[in-house]
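**Student:** Below is one structure. I have some questions about it.
Bear in mind these aren't lab numbers, they're just calculated from the coordinates by the rules spelled out. These numbers come from a predicted model, not from an experiment. In this analysis, Cβ positions are derived from the backbone assuming ideal geometry, glycine residues included, and neighbour counts consider all displayed protein chains.
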Amino acid sequence: MQNTTELKSRAKKTIEKLSPEKIKVAIDFLDFLKEKEEVEATLEVLSSRELTSQIEEAEKAIEKERLDEFVPWEKVKRDV
């Protein structure tokens, strides 16, 4: 199987050979695939009882202004 870099390079070469009308169709299809992937990821999160419960607990903490329960973004971004 080809790696991501090779696949992107191949896609770019193919796009360069298409007419403007076909490029528009390709972009529309790529946008569709991106949205589909995002929806699938969202459904995966929502189907997890554990994650859904954690989200609900976080929302309750925010409503009650218990912000000290959260990890500061500065700390999180260093670990990413």
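**Student:** Which of the following values of log10 I(q)/I(0) by the Debye sum over Cα atoms at q = 0.11, 0.12, 0.23 Å⁻¹ was calculated from the structure shown: (i) -0.27, -0.32, -1.16; (ii) -0.23, -0.28, -1.13; (iii) -0.61, -0.68, -1.13?
**Tutor:** (iii)
**Student:** Right, next: Provide the FRET efficiency to the nearest 0.05 for the VAL45-LEU18 pair, computing r from the beta carbons and using R0 = 35 Å.
**Tutor:** Using R0 = 35 Å, I get an efficiency of 0.45.
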